[in-house]
1. So for segment 411-420 (the condition being under 19 Å from residue 468 (Cβ atoms) and at pLDDT below 95), does at least one residue qualify?
2. Any residue in segment 421-441 that's assigned by TED's automatic domain parsing to the domain that holds residue 358 and in a strand (DSSP E or B): show its pairings with residues that are at pLDDT 95 or above and surrounded by 14 or more Cβ atoms within 10 Å (Cβ to Cβ) at Cβ separation under 6 Å, as long as the two are six or more apart or on different chains.
3. In this structure, is residue 429 buried (at least 18 other Cβ atoms within 10 Å of the Cβ) and either under 27 Å from the mean Cα position of the chain (by Cα) or at pLDDT 95 or above (or both)?
4. Looking at segment 41-73, which of the residues that are under 30 Å from residue 467 (Cα atoms) and within 22 Å of the chain's Cα centre (by Cα) is surrounded by the most Cβ atoms within 10 Å (Cβ to Cβ)?
5. Does residue 315 meet the test of being over 28 Å from residue 412 (Cβ atoms) and buried (at least 16 other Cβ atoms within 10 Å of the Cβ)?
6. Determine which single condition residue 114 fails, assuming it passes every other condition in (1) within 16 Å of residue 55 (Cβ to Cβ); (2) touching a helix residue (DSSP H, G or I) at 6+ places or on another chain (Cβ under 9 Å).
7. Among 348, 321, 374, which is within 30 Å of residue 249 (Cα to Cα) and either in contact with a strand residue (DSSP E or B) (Cβ under 9 Å, 6 or more places away or on another chain) or not assigned by TED's automatic domain parsing to the domain that holds residue 432 (or both)?
8. Any residue at all in segment 395-406 that is buried (at least 16 other Cβ atoms within 10 Å of the Cβ) and without any contact (Cβ under 8 Å) to a residue 24 or more places away in the chain?
């Protein structure tokens, strides 16, 4: 290596070291003690675990991190570089749909000597970024450098349902990096949040870019997080020339066709299946579903991504070969969370005669892994087949606590409950109400027909204390989230 290159290399190392020193004044180590709900025995408090993540100070004496770092947290302590003392922290705002959270510290002494970080823009492809954190639970600051390799919509694994803009870098994001800042030119260009492990891919990580971060910060300005709004439509690309001619499209590059409009969503009753979306808020929609935005081709969904509850979106469409302009008010977020991972909520349930009834969601399905084909179908197609219009919740017989009062009920496990004494069961509250009615017998019918379960009220009352003592049943119901 030449003398010039040695000097240049030394200079770059010195600059990097100085940057790390400055950024260390803002970097936070987070220790979270969490309690995971138990969806198999929903009356039990759940297992306690601990984990380490990262965060960083921003304006307003707030600390930004990932939602998954502090989800289900019961006790939070934070520390900073050069100060071994732990400080108590609490969650100020949390957004599970975009995996971001803000913390606050009651002790004002914590922020002495810290320096709030500023946000930058979207880094360019092939530019260098640096991720800061405490990988694998370490106690000392770690810096990992990588190259920006992709900017695209990606699923966010925390919710398992939501997709937003994400930036891929060729640097591993390990546990402990989560929530830490990704820096470029002294500014935050992202928050490290997920990566691949094992044989899927090596040294590939993702960060949440600043448009998503800024949207979150804007949303919580009123003291409440409203979640993302959604157009609630599905569309298909229009590459096929014959399809385009049949729809009356004159050019070869513009438009996508709506294939589904979800009932209960923002576009319900305004947009129709078969409509061709030509423009969204004035941005021309290409046949692959992208629009030009900030010198990038991004999915048309990005226009709605940057809007808030109460905003509107304008669509220029072609309906039955006639041009039209539609205005869709975005008054509510996506109403169906059944297939999303849920956090900071207690399992809801009702126990009657040793029969355990629960509403089904993603948490329930992961915990139980039921093999009931009817239940799996209803869950998988709950939204696409609009099953929610007649059944807002899927209520099932999730478990049987064996006792003479419920003999021969095992075959009904994971069956979807239709009726109790003639009352339609649409929510878990309906089960509770049905068993609170005074009746000599309770006849429980399930989806698909077949014989019902019949319980005698007198036998249920006699078995109550026996079942509670035998199975350490601390409560017979919980209807609050």
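The values are calculated or read from the model by the stated rules, or taken from the named source; none is laboratory data. Given the structure is predicted, the values throughout are model-derived calculations rather than measurements. Cβ placement follows ideal geometry from the backbone for every residue including glycine, while neighbour counts extend to all protein chains displayed.
1. Narrowing segment 411-420 to residues under 19 Å from residue 468 (Cβ atoms): none.
No, the conditions are met nowhere in segment 411-420.
2. 423/434; 441/456
3. On the way: buried (at least 18 other Cβ atoms within 10 Å of the Cβ): no; either under 27 Å from the mean Cα position of the chain (by Cα) or at pLDDT 95 or above (or both): yes.
Criteria not met by residue 429.
4. Applying the first criterion (under 30 Å from residue 467 (Cα atoms)) to segment 41-73 yields 41-49, 72.
Next, from what is left, pick out any that are within 22 Å of the chain's Cα centre (by Cα): 42, 46-49, 72.
Working: 42: 23, 46: 17, 47: 10, 48: 12, 49: 11, 72: 18.
Going through the qualifying residues, I end up with 42.
5. On the way: over 28 Å from residue 412 (Cβ atoms): yes; buried (at least 16 other Cβ atoms within 10 Å of the Cβ): yes.
It is true that residue 315 is over 28 Å from residue 412 (Cβ atoms) and buried (at least 16 other Cβ atoms within 10 Å of the Cβ).
6. (2)
7. Going through 348, 321, 374 in turn, just one is within 30 Å of residue 249 (Cα to Cα) and either in contact with a strand residue (DSSP E or B) (Cβ under 9 Å, 6 or more places away or on another chain) or not assigned by TED's automatic domain parsing to the domain that holds residue 432 (or both): 321.
8. The first filter runs over segment 395-406 and keeps only residues buried (at least 16 other Cβ atoms within 10 Å of the Cβ), leaving 395-401, 403, 405-406.
With the extra rule that they be without any contact (Cβ under 8 Å) to a residue 24 or more places away in the chain, the set shrinks to none.
No: segment 395-406 contains no residue that is buried (at least 16 other Cβ atoms within 10 Å of the Cβ) and without any contact (Cβ under 8 Å) to a residue 24 or more places away in the chain.
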